[in-house]
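Inspection log for the structure reproduced underneath, given as structure tokens.
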Amino acid sequence: MSLLAVRDLTKAYGPHRVVDVAAFGLEAGAQVALRGESGSGKTTFLHLLAGILAPDAGRIELAGRDLASLGEAGRDRLRAETIGYIFQTFNLLQGHTVLENVELGMAFGRGVDRAHATALLRRVGLGDKLAHFPRQLSTGQQQRVAVARALANRPKLVLADEPTGNLDARNSREALALIREVCREEGAALLLVSHDEGVLSQFEGVTDFTQLNRVERPAAS
């Protein structure tokens, strides 16, 4: 069953076209990685899929709805109800506890469910850190909070932008395994972008974004 279908998607900043994707799709429950170097447009592509950015043209059909045709409020609502996002820099709120960070993610979706938030944090190994603040956690533990927050609203799709980029090799392997396992348990599809071949090698399905994206990049000097 198709969860995500992209057609003729474009985004430019001034005269510079950043994204130009003719077609891309993702099945429900699938786990796919996009290979892309810095500056290839992959983060912009994810932001378009998440409804954080509006495209200049094209269609993004997510769970049967055309995201690209919605206004800002409609995109925000669909994103909150359907998409979980794991940022490279985690984007945790430093003035809030671990539990509050996950609950705040819920507030924009179906509503706060403290029992579910607590269960997710226990699932990612942070059951004893609920009242801690992000600054009191290791980098790997902060990543686990970000994973729990992304899954808090039971999304159909999780987007992960270089989610292991700030982790060492051991924590990177553990975080990736956790992300994939929790997505499977929750029934969420996963689209992950990375330039790390160690991360990409863990996926059966890997798409090279520089081939998917029709934007011509300047030749190396």
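Just so it is clear, none of the values below were taken in a lab; they were calculated from the coordinates. A quick note: this is a predicted structure, and the numbers were derived from the prediction, not measured. Counting neighbours? That spans all protein chains shown, and the Cβs are built from the backbone with ideal geometry, glycine included.
3J(HN,Hα) along segment 147-156, derived from phi through the Karplus expression 6.51 cos²θ - 1.76 cosθ + 1.60 where θ = phi - 60°, amounts to 5, 4, 4, 5, 8, 4, 8, 6, x, 7 Hz, with x in place of Gly and Pro.
Comparing H96, H16, H47 in a Gaussian network model of the chain where C-alpha atoms under 10 Å apart are linked, the largest mean-square fluctuation is found at H16. Dipole magnitude for segment 2-212: about 460 debye, using +1 per Lys or Arg Cβ and -1 per Asp or Glu Cβ, origin at the Cα centre. Exposure proxy ranking for S69, S194, S40, based on other Cβ atoms within 10 angstrom of each Cβ and starting from the fewest, stands as S69, S40, S194. Taking amide H atoms as placed 1.01 Å from N in the peptide plane, the amide H of L190 lies under 5 Å from those of A30, Q31, V32, V158, each 5 or more residues away in sequence or on another chain. With both bridge residues required to lie in the chain, what share of the DSSP beta bridges run antiparallel, to the nearest 5%? The answer is about 50 percent antiparallel. Between helix 98-107 and the chain there is an angle of about 50 degrees, using the helix long axis and the longest principal axis of the Cα atoms.
Principal-axis analysis of the Cα atoms of the chain puts helix 169-186 at an angle of about 90° to the longest axis. For segment 2-212, how big is Rg over Rh, using alpha carbon atoms and the Kirkwood form of Rh? That ratio is 0.96, to two decimals. Within the listed set L46, L190, L167, the residue fluctuating most in the Gaussian network model of the chain (springs between alpha-carbon atoms under 10 angstrom) is L167.
Among residues other than L26 with Cβ under 11 Å from its Cβ, the summed charge is -1 (Lys and Arg +1, Asp and Glu -1). Considering only the other residues whose Cβ falls under 15 Å of the Cβ of D128, what net charge follows from Lys and Arg at +1 and Asp and Glu at -1? Once all neighbours under 15 Å are counted, the net charge is +4. Helical runs (DSSP H, four residues minimum) scored at -39500 (n - 2.57) apiece and divided by the length of the chain put the mean residue ellipticity at 222 nm at -10500 deg cm²/dmol. What does the charge count near A148 come to, summing +1 for each Lys or Arg and -1 for each Asp or Glu among other residues with Cβ under 10 Å from its Cβ? In short, +4.
Here segment 61-125 is assigned +1 on the Cβ of each Lys and Arg and -1 on the Cβ of each Asp and Glu. Its dipole about the Cα centre then comes out at about 220 debye. Summarising the label geometry, the points placed 7 Å from Cα in the beta-carbon direction at N91 and F133 lie 2.2 nm from one another.
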